[in-house]
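Asker: Mind having a look at this structure? Questions to follow.
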Amino acid sequence: MAHRVRRVVASGFCSFSPSLVSVLAAVLIAALPLAGAAQSLDTVVTWNRQMVTSVTTPGANPPTVFMTRPLAIVSVAVFDAVNSFDRVYQPYAALVTVPAGASRDAAVAQAAHDTLVALLPTQKAALDAQLGTTLAGIPAQAAADGSAVGAAAAKAILDERTGDGWEHPFPPLVLPSLPGYWKPTPPANAPAAFTNYPYVRGFVVDNGRRFMIEGPPALTSPRYAADFNQVKAWGAVNSTVRSAEQTLISNQWAGVGTSTSLNHVWNNVLGDVARARGWSGADAARGFALLNMTFHDALMTSFTGKFVYGLWRPVTAIREAASDGNGDTDPDPEWLPLLPTPPYPSAPGNMACIGASLSRVLDRLFGPGDVGFSVTWTGTTGPTTTRTYNNFGELSEQEAYSRIWGGIHFLSETLSSAGQCARIGDYAVDNVLRKQ
């Protein structure tokens, strides 16, 4: 962008002295990219929130596409589009040639629009309307040129992700019929879902075993008994030790009674802090791309571990404790958790892995230390709640413990997932989208 402005400006002042030309060019070069970057920040955040809305719309996702894939693809397209203007960072899938005068905002909007329409075709009408809103008021040629940049960035990442493993149906999960191994859980007793995750290609991490999370403790160990008795007491639907606030937190992180989802939380936090710090559109786009690629690869890692270890869920463990060989665990055949149990094995913990990896990404992007921010959980049937956090670690810890309070995870898998998955965040920041 700077080279193009410099050439255009210099040729435009050919009748002035060389020194005056240099001064005027330097002023314009310094001012124009900053103005464009500030403008594109709002557009980047707006389309990030449109992305989350689209992905979380009921029925929006094809049945074989988990939420992390669209988030990552759209975020990469937006990053490659806006990064093509200043070329500050290494591209992910494309570095597009930008015509002079092209609109950054149009590039961002078109990149997000095209990837979302390709991935979520049922959302096309709403996405077309949002694109029209963004392009309104942008001069026609600037809009057309910017849109061409965004379209090229979108096509590049969509092409790059073709055949990435998500097109395959879920293979059946076959585990031994022995104590400690997962089986379908009540009330739905559904077969295991997302069993294709170990075969999916990552965005940053090459496969789900690169950062393999430690397995669960032996059923006969004191550690397992402590985990068992903790979740039995704290996670029961009728628990007398879980506080009302812990119950609310568990339900909100699970999306029960709220329109705020896990997808909203971390993306909104990044957008809010980026605006407070006065980030450029390129920096925000990079942040969203790193965040959502890490989100995908963290889940790829934890799901891979689930299908390797095949650990039973607390509801099964507690109901069938008489078979576990541990004298410190007592069965309760009627026990039910606060939250619905997801249809796949327990360890490692998805939410603990996600929170640890994403909080590490944000720590790396915004710097160590306290970063004050708030999260608002908007209720549909439940209360609207705003909580303030001093740092990203507080948010990730709450996310992880919500699953123990909810009765669907054990402490050991929560701790091991959090410890290992932070490395995924570091790996992403250290290896992709780095400064040129």
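Asker: Of the residues 298, 143, 100, which exhibits the maximal mean-square fluctuation in a Gaussian network model of the chain defined by a 10 Å Cα contact cut-off?
Answerer: 100
Asker: Which order, highest average first, do 359-365, 240-246 follow once you tally other Cβ atoms within 10 Å for each residue and take the mean per peptide?
Answerer: Numbers: 359-365: 22.7, 240-246: 12.6.
Ranked by mean Cβ neighbours within 10 Å, highest first: 359-365, 240-246.
Asker: On to the next question. Name the residues of the stretch 277-304 whose amide N is less than 17 Å from a point 7 angstrom out from the Cα of residue 42 along the C-beta direction?
Answerer: 277-282, 284-285
Asker: OK, next. Which residue, 134, 220, 414, has the most motion in a Gaussian network model of the chain that connects Cα atoms within less than 10 Å?
Answerer: Most flexible of the set in this elastic network: 220.
Asker: Still on this structure, I have one more. Under 5 Å between amide hydrogens, which residues at least 5 positions from residue 311 or on another chain qualify, with H placed 1.01 Å from N in the peptide plane?
Answerer: Hits under the 5 Å cutoff: 182, 346, 347.
Asker: Could you give the size of the charge dipole of the stretch 281-347 about its Cα centre, using +1 on the Cβ of each K and R and -1 on the Cβ of each D and E, expressed in debye and rounded to the nearest 20?
Answerer: Numbers: 4 positive and 8 negative charges, 79 e Å.
Roughly 380 debye for the stretch 281-347.
Asker: Can you find, among 271, 349, 171, the residue farthest towards the positive end of the dipole of the chain? Put +1 on the C-beta of Lys and Arg, -1 on that of Asp and Glu.
Answerer: Ranked along the dipole, the leading option is 271.
Asker: Now for a different question. Run the simple label-point estimate for residue 90 and residue 328 please: 7 Å along Cα→C-beta, distance reported in nm.
Answerer: About 4.8 nm, to one decimal.
Asker: What is the sum of charges around residue 339, taking Lys and Arg as +1, Asp and Glu as -1, for the other residues whose C-beta is under 15 Å from the C-beta of residue 339? Let's see the in-between values first.
Answerer: Values: positive: 232, 242, 313, 403; negative: 399.
Within the 15 Å Cβ shell, the charges total +3.
Asker: What is the calculated FRET efficiency for residue 374 to residue 320, with r their C-beta to C-beta distance and R₀ = 51 Å, to the nearest 0.05? Please list the in-between numbers first.
Answerer: Details: r = 42 Å, r/R0 = 0.83.
Computed FRET efficiency for residue 374 and residue 320: 0.75.
Asker: A further question on this structure: Have a look at 255, 60, 154 and report the one farthest towards the positive end of the charge dipole of the chain, computed about the Cα centre with Cβ charges (Lys/Arg +1, Asp/Glu -1).
Answerer: 154
Asker: Residues of the stretch 45-89 with amide nitrogen under 16 Å from the 7 Å Cα-to-Cβ point of residue 434?
Answerer: In the stretch 45-89, the label zone of residue 434 (backbone N under 16 Å from the point 7 Å along Cα→Cβ) covers 88-89.
Asker: Just to be sure I understand: with springs between alpha-carbon atoms less than 10 Å apart, which residue in 78, 174, 52 has the highest mean-square fluctuation in the Gaussian network model of the chain?
Answerer: The residue that fluctuates most here is 174.
Asker: Moving on to the next point. Please give the helix 104-119 orientation as an angle from the longest Cα principal axis of the chain, in degrees from 0 to 90, rounded to the nearest 10.
Answerer: Taking the Cα atoms of the chain, the angle to 104-119 is about 40 degrees.
Asker: Quick one: helix 392-405 against the long Cα principal axis of the chain, what's the angle to the nearest 10°, folded into 0 to 90?
Answerer: 30 degrees
Asker: Dipole of the stretch 305-405 (Lys/Arg Cβ +1, Asp/Glu Cβ -1, origin at the Cα centre): which of 379, 327, 337 lies farthest to the positive side?
Answerer: Result: 379, furthest along the dipole toward the positive end.
Asker: Starting from the Kirkwood radius over alpha-carbon pairs of the stretch 40-160, derive D by Stokes-Einstein at 10 °C in a medium of 1.306 mPa s and give it in µm² s⁻¹. Please report the intermediate quantities before stating the final value.
Answerer: Working: Rh = 13.9 Å.
Taking Rh from Cα pairs, D becomes 114 µm²/s.
Asker: Rounded, prolate or oblate: which fits the chain, taking a ≥ b ≥ c as square roots of the Cα gyration tensor eigenvalues, rounded meaning a/c under 1.5, else prolate when a/b beats b/c? Write down the numbers at each step before the final one.
Answerer: Details: a/c = 2.43, a/b = 2.25, b/c = 1.08.
Prolate.
Asker: With each pseudo-label sitting 7 Å past Cα toward Cβ, what's the residue 233-residue 141 distance in nm, one decimal?
Answerer: Label at residue 233, label at residue 141, 7.4 nm between them.
Asker: Any idea what angle helix 281-309 forms with the longest principal axis of the chain, computed on alpha-carbon atoms, 0 to 90 degrees, nearest 10?
Answerer: The helix 281-309 is inclined about 20 degrees to the chain.
Asker: Report the charge-dipole magnitude of the stretch 180-316 in Debye, nearest 20, computed about the Cα centre from +1 at each Lys and Arg Cβ and -1 at each Asp and Glu Cβ.
Answerer: Working: 12 positive and 7 negative charges, 42 e Å.
So the magnitude is around 200 debye.
Since every read-out is calculated from the coordinates, none of them should be taken as a lab result. Please read all numbers here as calculations on a predicted model, not as lab measurements. Neighbour counts run over all protein chains shown; Cβ positions are idealised from the backbone, glycine included.
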